[in-house]
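Let me begin by presenting the structure, written as structure tokens, before commenting on it.
The values are calculated or read from the model by the stated rules, or taken from the named source; none is laboratory data. Just so it is clear, the structure is predicted and the values come from calculations on it, not from any experiment. When we count neighbours, we look across all protein chains shown, and the Cβ atoms used for this are built from the backbone with ideal geometry, even at glycine. Just so you know, the surface numbers come from the protein's heavy atoms only, side chains and all, with ligands and any DNA or RNA stripped out. Shrake-Rupley method; radii C 1.70, N 1.55, O 1.52, S 1.80 Å.
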Amino acid sequence: MMAIPALAGTKLVTGSLSELKGAKSVPFIVNWDGAVYSKAGTLVDSLDKAVRNNDWEEGSLNYLFQKANSRTGEYGVRLVDKDTQTDSEYYFEMVVETISKGGDIKGEIHLKKKGQDEPIAIMTFASDDADDNDKIAFRDQFKSIGESLGKLIVKQIK
């Protein structure tokens, strides 16, 4: 069998996002623990390629939130930082698996219910824009993922 290359964007693999309807503010966290840079490097190796702001992750997430929320806001669903006080019973966990030499990232996004380990839904993601030397590391990547995730959420909760 021939391998089919992963296309950029966010794709639902299992489950449904329909439970988000009316969820209001949904926390979003990023898990870099298993991220592999190039063939065997780490997140730190990727970050060391250029000068970075100390708050690069927060800056990147702000772009993701902006893009996703511009799509989902009219439906009452907003993605927020994990530290934002919310009464949502759900949260998203973005698990970054690979970081290419050019900075593209791939992995999965899990929709989970608080207090449960098993995801309600699993999505794959692949950034379609990368710049590996920004002070806000992964800014462009998070923008593209936020845009595609926002579209997917709207499609699922309409």
| Extreme residue, nearest to Ile109 (Cα to Cα), among residues of segment 39-60 that are open to solvent by less than 50 Å² (accessible area, probe 1.4 Å) and part of a loop (DSSP other than H, G, I, E, B) | Arg52
| note | Given the conditions (1) within 17 Å of the chain's Cα centre (by Cα); (2) over 20 Å from Glu19 (Cβ atoms), every one holds for Ile153 apart from (2)
| If you check Glu147, Glu108, which single one turns out to be among the acidic types (Asp, Glu), open to solvent by 20 Å² or more (accessible area, probe 1.4 Å) and in a strand (DSSP E or B)? | Glu108
| task | Mind counting the residues in segment 73-97 that are part of a strand (DSSP E or B) and open to solvent by 80 Å² or more (accessible area, probe 1.4 Å)? | result | 2
| Do we find a residue being more than 13 Å from Thr10 (Cα to Cα), modelled with pLDDT of 95 or more and not charged (D, E, K, R) anywhere in segment 118-125? | yes
| request: Kindly indicate the residue of segment 61-72 that is touching a residue at least 24 places away in the same chain (Cβ under 8 Å) and open to solvent by 60 Å² or more (accessible area, probe 1.4 Å) and also farthest from Lys24 (Cα to Cα) among those meeting that condition. | output: Tyr63
| remark: Within segment 9-37, the residues that are surrounded by fewer than 17 Cβ atoms within 10 Å (Cβ to Cβ), farther than 18 Å from Lys82 by Cβ and at pLDDT below 95 are Ser18, Glu19, Lys21, Gly22
| task | Tell me, yes or no, whether segment 87-105 has at least one residue that is farther than 19 Å from Ala35 by Cα and among the acidic types (Asp, Glu). | result | yes
